[in-house]
1. List the residues, sorted by chain then number, that are 5 or more residues from residue 56 or on another chain and whose placed amide H is less than 5 Å from its amide H.
2. Of the heavy-atom accessible surface of segment 1-81 (probe 1.4 angstrom), what whole percent is carbon and sulfur?
3. For a test of the definition: using alpha carbon positions, the gyration tensor, and the 1.5 limit on a/c, classify the chain as rounded, prolate or oblate.
4. With a 1.4 Å probe and every protein chain left in place, work out the accessible area per residue of the chain in Å², rounded to a whole number.
5. So, with +1 on the Cβ of K and R and -1 on the Cβ of D and E, and no other charges, what is the size of the charge dipole of the chain about its Cα centre, to the nearest 20 debye?
6. With n ≥ 4 as the cut-off for DSSP H runs, can you work out [θ] at 222 nm for the chain, using -39500 (n - 2.57) per run divided by the number of residues, rounded to the nearest 500?
Amino acid sequence: MKGIADWEKPSLNELILFALGGDWGKSLDFEDPEYTEVLCIRGSEFRNWSKDKGKTASKRKIKKSSAEKRTLILNDILVEISGGGPDQP
């Protein structure tokens, strides 16, 4: 019988099927018919997720085509790395 120490430990990169960078967008007063209002989920939203369910997310405007690519669907896993990058999460 294998213990936890015997488990394989893949890197996060090996587990990801699809990666797409975020889009902070523009302020709500930005006017352009190609843009739509969205909620941007940041790391701070996870702190009280069980209570707030993202209600504290920032409202921003991003291109409609960008929003379509970033719409979360059931079973998606969201990893947030604001201020970081691939080598500095």
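The values are calculated or read from the model by the stated rules, or taken from the named source; none is laboratory data. Model, not experiment: these values are computed from the prediction. Note that we place each Cβ from the backbone using ideal geometry, even for glycine, and neighbour counts take in every protein chain shown. Accessible surface areas use protein heavy atoms only, side chains included; no ligands, DNA or RNA. Shrake-Rupley method; radii C 1.70, N 1.55, O 1.52, S 1.80 Å.
1. none
2. Whole-percent figure for carbon plus sulfur exposure: 55.
3. Numbers: a/c = 2.54, a/b = 1.99, b/c = 1.27.
Judged from the Cα gyration tensor, the chain comes out prolate (a/c at least 1.5, a/b above b/c).
4. 89 Å²
5. Working: 15 positive and 15 negative charges, 65 e Å.
Dipole size: approximately 320 debye.
6. The helix contribution divided over the chain gives -4500 deg cm²/dmol.
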